[in-house]
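See below for the structure under consideration.
The values are calculated or read from the model by the stated rules, or taken from the named source; none is laboratory data. On a predicted model such as this, the values are computed, not experimentally measured, just so you know. Backbone-built Cβ (ideal geometry, glycine too); neighbour counts: all protein chains shown. Just so you know, the surface numbers come from the protein's heavy atoms only, side chains and all, with ligands and any DNA or RNA stripped out. Shrake-Rupley method; radii C 1.70, N 1.55, O 1.52, S 1.80 Å.
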Amino acid sequence: MQNSEVFILAIESSCDDTAAAVLKNDQVLSNVVANQLIHNQYGGVVPELASRAHQQNIVPVIDAALRKANITKEQLSAIAFTQGPGLMGSLLVGSSFAKSLSLALQIPLLAVNHMQAHILAHFIAEEGYNKPTFPFLALTISGGHTQIVKVNDFFDMEIIGETTDDAVGEAFDKSAKILGLPYPGGPLVDKYAQLGDPKAFEFTKPKVPGLDFSFSGLKTAILYFIQKKKLENPNFVEENLNAICASIQHNIIEILMDKLKLAVKETGIKQIAIGGGVSANSGIRTTLKAAESKYGWTTYIPKFEYTTDNAAMIGIVGYQKFLSQNFETSAVVSKARIQF
């Protein structure tokens, strides 16, 4: 199905960000995100508070997205929303609104897998950014996921490696908590890591066979390391914060890169794309870019605004589904866990 002007309203509400975007074909006209700062005081996302905040934010966020895109709701061709994975209460707010608006406007409804969207965000038309060609490998790294995905086509994807326990984003955030840094701590670890020696302290790497990951052991090793050092010197963390953060980040990046190198060796695919909130990490972005000359890879690193949860990535998946007329009825259900 081809149309010269397809306008997609996209809604993302899988966790604690309420987001809406309007796309004209594969171009983003607006991309609005409302953050929920209420969770900071609890050191993590509180699901019930998240869903309540989504209810407060969803109408003004969608209204802002439409106004910024300078179109009316009557011009919309379809509505795309995050079906899963995510927090059920949060997902239901977005899906309920999407279904209602779809019925009211009598336009198609498009259900989107959040993790596929992180990968396909690379197909948003952006000046200065190239789109990967099929097949390519995608490393999806976020607070809830760590996966290596073989991408054969827009909706032909195979997970060839994933975490057996914690996600990489959780490893960053829990390490930050151990160091006494406020939530969300991952970005702060990245910030301080840029000022420290990445080889100041060594942490063991998990020995997981194949392309799978594990980060629970690393978190425990960091906890015991800090506890031991603070017994010797109560001011150890304050005096060595930059070096500790740099060493933790270096270790995590090495774990990711070791698995990526193995994936390239096993598949023969040298096109590597990253996606997910942790792909905003400066160390990961720099290391992946350096791999182009070091290993002969072609790498694809998204714009910062498309790394964390956003609706533009939901919209680009919706656009591809619209072209293939892969529509849903209002009977479609949200799923906290969803098949890839």
When Thr298 is run through (1) more than 19 Å from the chain's Cα centre (by Cα); (2) more than 21 Å from Asp153 (Cβ to Cβ), the failure sits at (2)
Of these, Glu74, Glu127, which one is out of contact with any Gly (no Cβ under 6 Å at 6 or more places or on another chain), open to solvent by 50 Å² or more (accessible area, probe 1.4 Å) and closer than 26 Å to Lys303 by Cα? Glu127
Only residues in region 43-66 that are over 16 Å from Ser95 (Cβ atoms) and not assigned by the TED database to the domain that holds Ile178 count as the first member; pair them with residues that are among the β-branched types (Val, Ile, Thr) and part of a loop (DSSP other than H, G, I, E, B), Cβ under 8 angstrom, at least 6 apart or cross-chain, and list the lot. Leu66/Thr72
Which residue out of Ile255, Ile314, Ile284 is in the same structural domain as Asp17 (by the TED database) and part of a helix (DSSP H, G or I)? Ile314
Could you tell me how many of the residues in region 61-71 are part of a helix (DSSP H, G or I) and open to solvent by 20 Å² or more (accessible area, probe 1.4 Å)? 5
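Kindly establish whether Leu262 is open to solvent by 50 Å² or more (accessible area, probe 1.4 Å) and among the aliphatic types (A, V, I, L, M).
yes
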Any chance Val332 is at pLDDT 95 or above and either of a type in the set (D, E, K, R) or not in a helix (DSSP H, G or I) (or both): yes
So His122 passes all but one of these: (1) in a helix (DSSP H, G or I); (2) surrounded by fewer than 18 Cβ atoms within 10 Å (Cβ to Cβ); (3) not hydroxyl-bearing (Ser, Thr, Tyr). Which condition number does it fail? (2)
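Under the condition of being aliphatic (A, V, I, L, M) and in a helix (DSSP H, G or I), which residue from region 189-236 is farthest from Ala171 (Cα to Cα)? I'd like the intermediate steps shown before the answer.
Let us first name the residues in region 189-236 that are aliphatic (A, V, I, L, M), namely 189, 193, 195, 200, 208, 211, 218, 221-223, 226, 231.
So of that shortlist, the ones also in a helix (DSSP H, G or I) come out as 189, 193, 218, 221-223, 226, 231.
Numbers: Val189: 11, Ala193: 15, Leu218: 8, Ala221: 11, Ile222: 10, Leu223: 11, Ile226: 15, Leu231: 23 Å.
Of everything passing the filter in region 189-236, Leu231 is farthest from Ala171 (Cα to Cα).
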Glu170, sole failed condition from (1) at pLDDT below 95; (2) assigned to a helix (DSSP H, G or I); (3) surrounded by fewer than 19 Cβ atoms within 10 Å (Cβ to Cβ); (4) not basic (Lys, Arg): (3)
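Here are Ile148, Ile79: which of them is more than 30 Å from Thr287 (Cα to Cα), of a type in the set (Val, Ile, Thr) and either outside any strand (DSSP E or B) or open to solvent by less than 40 Å² (accessible area, probe 1.4 Å) (or both)?
Details: Ile148 fails: more than 30 Å from Thr287 (Cα to Cα).
Step by step, each of Ile148, Ile79 is checked, and only Ile79 is more than 30 Å from Thr287 (Cα to Cα), of a type in the set (Val, Ile, Thr) and either outside any strand (DSSP E or B) or open to solvent by less than 40 Å² (accessible area, probe 1.4 Å) (or both).
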Hey, could you check region 94-114 for residues that are buried (at least 24 other Cβ atoms within 10 Å of the Cβ) and not small (Gly, Ala, Ser) and say which is modelled with the lowest pLDDT? His114
Need the failing condition index for Gln320 against (1) more than 27 Å from Leu87 (Cβ to Cβ); (2) touching a residue at least 24 places away in the same chain (Cβ under 8 Å); (3) assigned to a helix (DSSP H, G or I), just the number. (1)
When you look at Ile159, is it buried (at least 18 other Cβ atoms within 10 Å of the Cβ) and either assigned by the TED database to the domain that holds Val264 or not aliphatic (A, V, I, L, M) (or both), yes or no? no
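Residue by residue, here is whether (1) closer than 22 Å to Ile148 by Cα; (2) surrounded by fewer than 22 Cβ atoms within 10 Å (Cβ to Cβ); (3) at pLDDT below 95 holds:
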position: Pro234; (1), (2), (3): no, yes, no
position: Asn242; (1), (2), (3): no, yes, no
position: Ala246; (1), (2), (3): no, no, no
position: Ile252; (1), (2), (3): yes, no, no
position: Thr267; (1), (2), (3): yes, yes, no
position: Arg285; (1), (2), (3): yes, yes, no
position: Trp297; (1), (2), (3): yes, yes, no
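Yes or no, residue by residue, for (1) open to solvent by 50 Å² or more (accessible area, probe 1.4 Å); (2) under 23 Å from Ala263 (Cα atoms); (3) of a type in the set (Lys, Arg):
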{"residue": "Thr163", "(1), (2), (3)": "no, yes, no"}
{"residue": "Ala176", "(1), (2), (3)": "no, no, no"}
{"residue": "Pro182", "(1), (2), (3)": "yes, no, no"}
{"residue": "Leu188", "(1), (2), (3)": "no, no, no"}
Residue within region 203-226 that is in contact with a Gly (Cβ under 7 Å, 6 or more places away or on another chain), open to solvent by 30 Å² or more (accessible area, probe 1.4 Å) and under 21 Å from Phe304 (Cα atoms) present: no
